[in-house]
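Student: I'd like to ask you about the structure that follows.
Values quoted throughout were computed directly from the atomic coordinates according to the rules given, and no laboratory measurement underlies them. In this text the structure is predicted, and so the values were computed from the model without any measurement. Positions of Cβ are generated from backbone atoms using ideal geometry, with glycine treated the same way; all protein chains shown enter the neighbour counts.
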Amino acid sequence: MLCSCASDEVAYTPGVYAQPSQADLFDWQGYGLTGPVKIVINLTTQRADIYIGGQYAGWTAVATGKAGFGTPAGDYTIVEKVADKHSTIYGKIVDAYGNTVNPDADVRRDRPPPGGQFVFAPMPNWMRLTWTGIGMHAGPIPQPGTPASHGCIRLPDEMAEALFDRVQIGTPVEIVR
């Protein structure tokens, strides 16, 4: 069973938030670099640094596991890549009219209303790190610097696509505190 962290909608604390621009979420300097990729994810800063061929290639904001859904620190390698993946646990519940009634649903505990359905969260550009459901994928980063996922490492869409295209099975990923 895939225990992922994606949700295409995020339950926010009420308030008004400025949406970060994409320029605030990453800086890519890896154009033209060749060689093996290494990714270092810092759980404290909610940032990943990317190296190609031993040279610094850039950084990206990430959203890792929120309270109760921690992302485990450690040394990993990418063990699976799937371009169009969906969670088997997390998603949203919509009513019979398609209105979202629960934006942060867990299939193990939440049930749709009559005529409604459970919509599993998309996890584009999935790069699996563990067989217990931890991986990197495109997903919302609602408040940069703040954990927001169910344990996975969410990346801005552009960076998830760029990394997915560059990494291979066996690419090292270090997660530090």
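Student: With labels modelled as points extended 7 Å from the Cα through the Cβ direction, what inter-label distance (nm, one decimal) is found for residue 132 paired with residue 169?
Tutor: 2.3
Student: Taking the Kirkwood radius as the inverse of the mean 1/r across Cα pairs, report the Rg/Rh of the stretch 41-82.
Tutor: Values: Rg = 12.1 Å, Rh = 12.0 Å.
Checking Rg against Rh, the ratio lands at 1.00.
Student: Over all alpha-carbon pairs of the stretch 61-115, lay out the pair-distance distribution in 5 Å bins, whole %, shortest bin first.
Tutor: P(r) for the stretch 61-115, in whole percents per bin: 4, 13, 15, 22, 18, 12, 9, 4, 2.
Student: Taking θ as phi - 60°, what are the ³J(HN,Hα) couplings along the stretch 43-60 by the Karplus curve (6.51, -1.76, 1.60), each to the nearest whole Hz, with x for Gly and Pro?
Tutor: 5, 6, 8, 6, 9, 10, 9, 10, 10, 10, x, x, 9, 5, 10, x, 9, 8
Student: Also, quick follow-up: When only DSSP loop residues count, what trypsin sites (Lys or Arg not before Pro) in the stretch 32-108 have their Cβ near at most 15 other Cβ atoms within 10 Å? Kindly include the intermediate steps, with their values, before the conclusion.
Tutor: On the way: sites: 38, 47, 66, 81, 85, 92, 108; in loops: 66, 108.
Answer in residue order: 108.
Student: Work out, step by step, the length gained on full extension between residue 177 and residue 27: first 0.36 nm times the residue separation, then minus their alpha carbon distance; give nm to one decimal. Write down the numbers at each step before the final one.
Tutor: Numbers: separation 150, 0.36 × 150 = 54.00 nm, distance 2.15 nm.
Roughly 51.8 nm would be gained on extension.
Student: How far is it, in nm, from the label point at residue 79 to the one at residue 55 when both lie 7 Å from their Cα along the line to the Cβ?
Tutor: 3.3
Student: Additional query: What list of ³J(HN,Hα) values in whole Hz, one per residue of the stretch 109-117 in order, does the Karplus curve 6.51 cos²θ - 1.76 cosθ + 1.60 (θ = phi - 60°) give from phi, with Gly and Pro shown as x?
Tutor: 10, 9, 10, x, x, x, x, x, 8
Student: Give the long-range amide H neighbours of residue 58: residues separated by 5 or more places, or on another chain, with amide H under 5 Å away, using H modelled in the peptide plane at 1.01 Å from N.
Tutor: 29, 50
Student: Taking only the alpha carbons of the chain, what extent do you get along each of the three principal axes, in Å, biggest first?
Tutor: 55, 36, 27
Student: Now for a separate question. Tell me, which longest segment in the chain has none of the chymotrypsin sites (Phe, Trp or Tyr not before Pro) that fall in DSSP loops with at most 14 further Cβ atoms within 10 Å? Walk me through the intermediate numbers first.
Tutor: Values: sites that count: 12, 17, 31, 97, 131.
Formally, the longest exposed-site-free interval is 32-96.
Student: Could you give the angle, 0 to 90 degrees to the nearest 10, between helix 157-166's Cα long axis and the longest principal axis of the Cα atoms of the chain?
Tutor: Once rounded, the angle reads 50 degrees.
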